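What follows is a short report on a single structure.
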Amino acid sequence: MINKRLLIKNLLSHNDENSFYDKKQKLSLNSKDGKAKFLKHICALSNTNPENNSYIVIGVEDEENKIIGVDFFDDSKIQNLVNAYLNNPPKIEYVNVPFPSLQRHKVIGLVTIYPNNKITSLIKNVWKYDKGTIFYRRGSNSIPVNVKFELRNTNKVIVEAIEKNASNNIEMTLDGVFDFINNHKQEYNPKYKVFNEQFVLCWAGEKKVLNNEEFFSRVDIELINEQVKIFFSALDDVQISYNKNSFIVTEYIFLGLEKQEELYPLEKTIINFKENGKHDIVKEFLFIPPKFDINIITIIYNTCNDIVTKIENKEPLSDVELEDVLRLPTNYLICYLHGFVEVSKQLRKVKNYIRNLEDKTTYIKYKEAMRVIRKVKYH
């Protein structure tokens, strides 16, 4: 098994980006140019590495090669984006890799582009890039092809050597387990379990009982062998179960109008550990959104929009509006679930304002609301 943290260190040791790996400070998949640039790099790395994996490391400051981290990204549907825009799309995988130097909620993102030995091109226009364009890597640049393009294998030996040097071992696994347990307070009940005598999984969360059922909040789950964070949540309520070969996480969210909030199942994640030394992760979307009086929702939507307009114009908010800001992400999410599709655009307008609030819970709710919107949109 490859230790993803060690793999990232080995990639970064090359310092400069090259034809088999790229590094980014962050991904901006919500913007047209950010999405287009991401697709361009996937296309270029796939075409330049037809017989070996290639990588994008996210959360690294480019000039000094400094690890700064990004938020945990749990969007398993990123493959759908690649499939929608690329001809002969490669299989890609996004994993979240914790680093000791980062805050608990920060990780390094690692995108693996698996080889498919086919020429990949844009299947439709995206931003300023035209349908049919083929990209490849020249050094650290992803550039369009102006001549007839042929796949060539140039990086297979060096990438295989890097991956071999990132192989996991018993010492790394044991250190990973102790680090996880020592980095989580006892009230978060840190635990570990071995599956199929090969995989070591650690988890922690604050236990609570709701309606006579056991839930966990502030949940953190890591697959120690690969040094990958599989699940992280600051607010959601989670149920955990496991058997001999599987670990199952069912995620719930509190949702509703003020003083009418209820738990709704959002998504089930099943990690299946196989006898051949491999594992797969299956996600089942469970969410059935609540329905409220559309007239009430329309009033809430208009009130939220008025607050956003005031913030944009730097107008002072009343005491009531300041209280409403604290529920802005949740109220907007409910509006989105009732057909108001401009919600994410409105929320992004006040992202910086919410992030700078003294009450950091509101910003966490902002990120949770955007995550749920993204999941609902995909499904």
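Per 5 Å bin from zero, what fraction in whole % of the C-alpha pairs of segment 172-285 is there, up to the bin with the longest pair? Spelled out per bin, shortest first, that is 2, 11, 21, 22, 19, 12, 7, 3, 1, 1. Look at the Cα gyration tensor of segment 287-343: its axes a ≥ b ≥ c give a/c of at least 1.5 with a/b over b/c, and that counts as prolate. The angle between the Cα long axis of helix 32-48 and the longest principal axis of the Cα atoms of the chain comes to about 20 degrees, rounded to the nearest 10. Put simply, the amide H of Lys23, placed in the peptide plane, has neighbours under 5 Å in Val57, leaving out anything fewer than 5 places away on its chain.
Using the empirical formula 2.2 N^0.38 Å as the baseline, the Cα radius of gyration of the chain reaches a ratio of 1.06. For Thr303 and Ser217, a Förster radius of 30 Å and the Cβ-Cβ distance give a FRET efficiency of 0.55, rounded to the nearest 0.05.
Dimensions of segment 234-280 from C-alpha coordinates, computed as largest minus smallest value along each principal axis and given longest first, are 50, 16, 15 Å.
Projecting label points 7 angstrom from Cα along Cα→Cβ for Asn88 and Leu326 puts them 5.7 nm apart. Here Lys244 and Ser28 are evaluated by their C-beta separation; at R0 = 45 Å the FRET efficiency comes out at 0.60. Here's how it looks for Asn87: its modeled amide H is under 5 Å from those of Ser121, Leu122, Ile123, which are all 5 or more places away or on a different chain. I'd like the FRET efficiency for Glu64 and Leu102, computed as 1/(1 + (r/R0)^6) with the beta carbon distance as r and R0 of 22 Å, rounded to 0.05. For Glu64 and Leu102, the calculated efficiency is 0.90. Per-peptide packing, taken as the mean over residues of other Cβ atoms within 10 Å, places 332-341, 269-278, 351-360 in the sequence 332-341, 269-278, 351-360 from highest down. Taking the inverse of the mean 1/r over every pair of distinct Cα atoms in segment 118-185 gives a Kirkwood hydrodynamic radius of 16.4 Å. As an equivalent ellipsoid, segment 4-165 spans semi-axes of 25, 19, 13 angstrom, where each value is the square root of five times an eigenvalue of the C-alpha gyration tensor, largest first. Indicate the gyration tensor shape class of segment 248-379 (rounded, prolate or oblate), computed on the Cα atoms with a ≥ b ≥ c the square roots of the eigenvalues: a/c under 1.5 is rounded; otherwise a/b larger than b/c is prolate and the rest oblate. Prolate. Here segment 261-339 and segment 194-243 have alpha carbon centers that stand 23 Å from each other. Relative to the longest principal axis of the Cα atoms of the chain, helix 170-182 runs at roughly 20 degrees. With all distinct Cα pairs included, what does the Kirkwood hydrodynamic radius of segment 46-94 come out to in Å, to one decimal, could you say? The Cα-based Kirkwood calculation yields 13.0 Å.
Every read-out reported here was derived from the displayed coordinates using simple, explicitly stated rules and does not represent laboratory data. In this text, all values refer to a predicted model and were calculated from it rather than measured experimentally. We place every Cβ from the backbone using ideal geometry, glycine too, and count neighbours over all the protein chains shown.
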